[in-house]
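Everything below concerns the one structure shown next.
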Amino acid sequence: MKTANGHEIIQLFESWSPKFYALDDDPIGLQIGQLNRPIQKVLVTLDVTFEVVQEAIDQECQMILAHHPPIFRPLKNLRTDSPSGKMFALCIKHDIAVYAAHTNLDVAPGGVNDLLAEALGLQEINMLEETYAEPMMKLAVYVPTSASEDLRKSLARAGAGKIGNYDSCSFSSAGIGRFQPLEGATPTIGTKNHLEEVSEDKVEVVFPASNKFKVLKAMYAQHPYEEVAFDLWTLDTKTQEQGIGRIGILEQPMSLDEFAQRVKDRLSVPFVRIVGEAGANIRKVAVLGGDGNKYIPKAKRAGADVLVTGDLYFHVAQDAQALGLNVIDPGHHVESIMKKGVSEKMNGMCKEKKFDCTFIASEISTEPFRIL
């Protein structure tokens, strides 16, 4: 087993929940401390409070991975006599790094919203709203026919040519390449100041834009020519579509109140707020962890019978009622489902990578409300 540093641990986490999944202006990433040190234990929490930091110290953790960023708005000062200042000071004093994964963890496959949808027993789960899609690129490169196969294999190893459930996809067309080496050239084929004609293949492959530099590096490394002739386009085609919220169906329809009881039981909350008639028929369910007020119209357009989300505003509830959309509000704290989910996911990834690092779920509830 290898003792990884913080950079390696976060790189592993971001291979699952990358920063580019996050919504605009979301303050994610490293917020306190440093990553350039060995990390053997990470505490996973919904929120970072003084008590959670003390728990991390007691558990001998070197890092806290939180869903809610402790620094959500720019700090005007850092007074250590304030509650948040005391928490920051405790982290710094004990050299505990704090990393926040917010909407990127909401969007990520297997992240917060998938965990909630699965806990509620939804099937045929899809995203509620697309928030990220990566453009595809196309490379056309001209290569001597004798080197064409090796180049195609090299591009495939770099990730080019993957389309859906197929890989190593490419297209070749044969032709004649012409060039004249000038003074200073060291040609693989031909002689200086003499026009050459070579049987060449035009090899075409597609790949996600994020893979551009890896694919071009593979092309240059494998290509026999001193100067490589190629074309590169950004396509309208998109890939790796991801989104916020989830929508799916129940195995069997049930009444709104029956489903509300399921939400209460399976998400372990003391109460839920309900908008809609008790006997309303529920089959198609939208779910969005955290504050989903602005997704009322989206859920209705998607055909949801009910939206499960937190922090519902009074007038938004009235709007949902007028639209004929049922809503169940189990509170914001249901996102704490991520503590166990992220710990299990990251422990599996660390084991695969042979990292000597353990993720543990915080046992402290950061729910501020008490029901009388």
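The values are calculated or read from the model by the stated rules, or taken from the named source; none is laboratory data. Note that the coordinates shown come from a computational prediction; the quantities given were computed from them, not determined experimentally. FYI the Cβ positions are ideal-geometry reconstructions off the backbone, even for glycines, and counts take in every protein chain you see. Surface areas here come from the heavy atoms of the whole protein model, side chains and all, with no ligands, DNA or RNA. Shrake-Rupley method; radii C 1.70, N 1.55, O 1.52, S 1.80 Å.
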- Do the conditions hold for Val285, that is, is it out of contact with any His (no Cβ under 7 Å at 6 or more places or on another chain), closer than 27 Å to Asp319 by Cβ and crowded, with 20+ Cβ neighbours inside 10 Å? yes
- Message: I'd like to verify a number: residues in the stretch 188-197 that are surrounded by 15 or more Cβ atoms within 10 Å (Cβ to Cβ) and assigned to a strand (DSSP E or B), how many?
- Response: 0
- Message: Quick check on this structure: which one of Ala260, Ala322, Ala286, Ala317 is small (Gly, Ala, Ser) and in contact with a Leu (Cβ under 7 Å, 6 or more places away or on another chain)?
- Response: Ala286
- When the stretch 10-50 is examined, which residues are found to be acidic (Asp, Glu) and touching a Ser or Thr at 6+ places or on another chain (Cβ under 8 Å)? Asp26, Asp47
- Query: Given the conditions (1) of a type outside the set (Phe, Trp, Tyr); (2) within 18 Å of Pro208 (Cβ to Cβ); (3) crowded, with 17+ Cβ neighbours inside 10 Å, and given that Gly164 satisfies all but one, which numbered condition is not satisfied?
  - Reply: (3)
- Task: Given the conditions (1) surrounded by fewer than 21 Cβ atoms within 10 Å (Cβ to Cβ); (2) within 24 Å of Asp106 (Cα to Cα), report the number of the one that Glu51 does not fulfil.
- Result: (2)
- Give the number of residues within the stretch 167-183 that are closer than 17 Å to Glu226 by Cα and open to solvent by 70 Å² or more (accessible area, probe 1.4 Å). 4
- Message: Of everything in the stretch 238-282, what is of a type outside the set (A, V, I, L, M, F, W, C), under 26 Å from the mean Cα position of the chain (by Cα), crowded, with 16+ Cβ neighbours inside 10 Å and not in a strand (DSSP E or B)? Give them in sequence order.
- Response: Arg266
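Here's a check for you: in the stretch 93-108, which residue that is over 19 Å from the mean Cα position of the chain (by Cα) and in a loop (DSSP other than H, G, I, E, B) is surrounded by the fewest Cβ atoms within 10 Å (Cβ to Cβ)? Steps first, answer last, please.
Step one: list which residues in the stretch 93-108 are over 19 Å from the mean Cα position of the chain (by Cα), which gives 93-97.
Restricting the remaining residues to those that are in a loop (DSSP other than H, G, I, E, B) gives 94-96.
On the way: His94: 15, Asp95: 11, Ile96: 19.
Applying the filter and picking the extreme gives Asp95.
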- Out of (1) touching a residue at least 40 places away in the same chain (Cβ under 8 Å); (2) open to solvent by less than 80 Å² (accessible area, probe 1.4 Å); (3) touching a strand residue (DSSP E or B) at 6+ places or on another chain (Cβ under 7 Å), the odd one out for Gln321 is which? (2)
- Would you point out which residue out of Leu151, Leu90, Leu115 is open to solvent by less than 60 Å² (accessible area, probe 1.4 Å), in contact (Cβ under 8 Å) with a residue 12 or more places away in the chain and under 25 Å from Val263 (Cβ atoms)? Leu115
- Would you tally the residues in the stretch 198-234 being under 16 Å from Asp150 (Cβ atoms), charged (D, E, K, R) and open to solvent by 70 Å² or more (accessible area, probe 1.4 Å)? 1
- Message: Looking at the stretch 51-67, can you tell me whether even one residue there is at pLDDT 95 or above, within 24 Å of the chain's Cα centre (by Cα), under 22 Å from Leu288 (Cβ atoms) and of a type outside the set (Gly, Ala, Ser)?
- Response: yes
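Let's see how each residue does on (1) closer than 30 Å to Leu23 by Cα; (2) out of contact with any Gly (no Cβ under 9 Å at 6 or more places or on another chain):
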site	(1), (2)
Lys138	yes, yes
Ser173	no, yes
Thr186	no, yes
His194	no, yes
Ala218	no, no
- Message: Among the residues of the stretch 37-44, are any under 23 Å from the mean Cα position of the chain (by Cα), assigned to a strand (DSSP E or B) and without any contact (Cβ under 8 Å) to a residue 40 or more places away in the chain?
- Response: no
- Message: List the residue pairs whose Cβ atoms are under 7 Å apart, where the first residue sits in the stretch 14-29 and is farther than 20 Å from Met346 by Cβ, the second is open to solvent by 30 Å² or more (accessible area, probe 1.4 Å) and among the small types (Gly, Ala, Ser), and the two are 6 or more positions apart or on different chains.
- Response: none
